[in-house]
Amino acid sequence: MQNREMKDELEEKQRVVQELEEERKPMQHQLQLALARADSEALARSIAEETVADLEKEKTMKELELKEICGKHRVEQLAKDQAIVAVRVDVFYLK
C-alpha cells in the first residue's frame with residue numbers, strides 16, 4: 001500500500017511539474033518579447049536623445065549666427081544712416 005501511495009504521489013508531482021513547465025514556456029516567451037521591446041525602446045530613446053542634443057546644438061549655432069547677422073545689419077544700417085546725414089549736411093551747405 002505504501003508503495004502505491006508513493007507512486008501516486010510521485011505521479012502527481014510529475015504532473016504538477018509538467019503543468020508548471022507548460023506555464024513557464026509562454027511566460028518565458030513573453031519575457032523574451034518584453035526584453036526585446038525594452039531593448040528596442042531603449043535604443044529609440046537613445047537615438048531620440050542624441051537627435052535632441054544635435055538639434056539643440058544646431059539651434060544654438062543658428063541663434064549665434066542670427067545674432068551675428070543682426071549685429072552686422074545694425075552696423076551697416078548705422079553706416080548708411082551716417083552717410084545719409086553726411087550727404088544731407090553737404091547738400092545743406094552747398095545751398
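Only the coordinates and a few stated rules stand behind these numbers; no lab work does. Not measured: the values here are computed from a predicted model. All Cβ positions, glycine included, derive from the backbone under ideal geometry; neighbour counts span all protein chains shown.
Some values worked out for this structure:
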| quantity | calculated |
| --- | --- |
| Dipole in debye (nearest 20) - the chain, about Cα centre, beta carbon charges: Lys, Arg +1; Asp, Glu -1 | 1040 debye |
| Estimated vicinal HN-Hα couplings, Hz - the range 52-60 in sequence order (Karplus 6.51, -1.76, 1.60; Gly, Pro = x) | 4, 4, 4, 5, 5, 5, 4, 4, 4 |
| Under-30-angstrom lysine pairs by C-alpha in the range 21-72, whenever the two are 8 or more apart or on separate chains | 5 |
